[in-house]
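J.: Structure below; questions to follow.
Just so it is clear, none of the values below were taken in a lab; they were calculated from the coordinates. On a predicted model such as this, the values are computed, not experimentally measured, just so you know. Glycine gets a Cβ as well: all are built from the backbone with ideal geometry, and neighbour counts include every protein chain shown.
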Amino acid sequence: MTEGMRFAVGDRLAPLTKPPVTRTQLVMYSGASGDFNPIHTVESFAQEAGLGGVIAHGMLTMAFVGQMLTDLLGECGELETFGIRFIDMVRPDDIITCEGIVTEVEEDADGQIVACDIWAKKTPSGEKVVQGTARFRTFR
């Protein structure tokens, strides 16, 4: 985002499409997050748990949406709130696209306070895997 960028209700946020989720990424995320639940890394365990195979960490998908928001804001804004609800599982080889739309804009002396609906979906099927809301501030 460049300084002085303005938002209006109905504006679409710049989407972020991530490369396919990999098993290596899931192992790395397990180590980084401290979440070593084997449903994320051990195929046989995930199958025995009734999941049909390994699933990505929900918080990894949330991090993708967070990346979309922080990429948008850069150094010209700050994220105030960000919350999502998990809807569907993400699996290795899924391609995730994060998107959003502006729902409210408030003007103040420093810039704008922007509320938006946000989500991530599997590409190309369009099935949503998370959805939620975010609120951020932009500076003039």
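J.: Here is a list of conditions, (1) surrounded by 16 or more Cβ atoms within 10 Å (Cβ to Cβ); (2) closer than 21 Å to ALA134 by Cβ; (3) within 15 Å of the chain's Cα centre (by Cα), and VAL21 meets all of them except one; can you say which number that is?
T.: With respect to (1) surrounded by 16 or more Cβ atoms within 10 Å (Cβ to Cβ); (2) closer than 21 Å to ALA134 by Cβ; (3) within 15 Å of the chain's Cα centre (by Cα), VAL21 is out only on (2).
J.: When VAL130 is evaluated against the numbered criteria (1) part of a strand (DSSP E or B); (2) free of Cβ contacts under 8 Å to residues at least 60 places away in the same chain, which criterion, by number, is the only one it fails?
T.: (2)
J.: Determine which member of the set PHE86, PHE139, PHE45 is touching a residue at least 40 places away in the same chain (Cβ under 8 Å) and closer than 20 Å to TYR29 by Cβ.
T.: Answer to the check: PHE86.
J.: For the condition of a type outside the set (S, T, N, Q), surrounded by 15 or more Cβ atoms within 10 Å (Cβ to Cβ) and more than 10 Å from the chain's Cα centre (by Cα), what is the one hit in PRO124, PRO92?
T.: Answer to the selection: PRO92.
J.: For VAL9, are the conditions met, namely being within 24 Å of GLY100 (Cβ to Cβ) and in contact with a Pro (Cβ under 6 Å, 6 or more places away or on another chain)?
T.: no
J.: Which residue is nearest to the chain's Cα centre (by Cα), if the candidates are limited to the range 42-71 and must be surrounded by fewer than 20 Cβ atoms within 10 Å (Cβ to Cβ) and among the hydroxyl-bearing types (Ser, Thr, Tyr)?
T.: Filtering first and then ranking leaves THR70.
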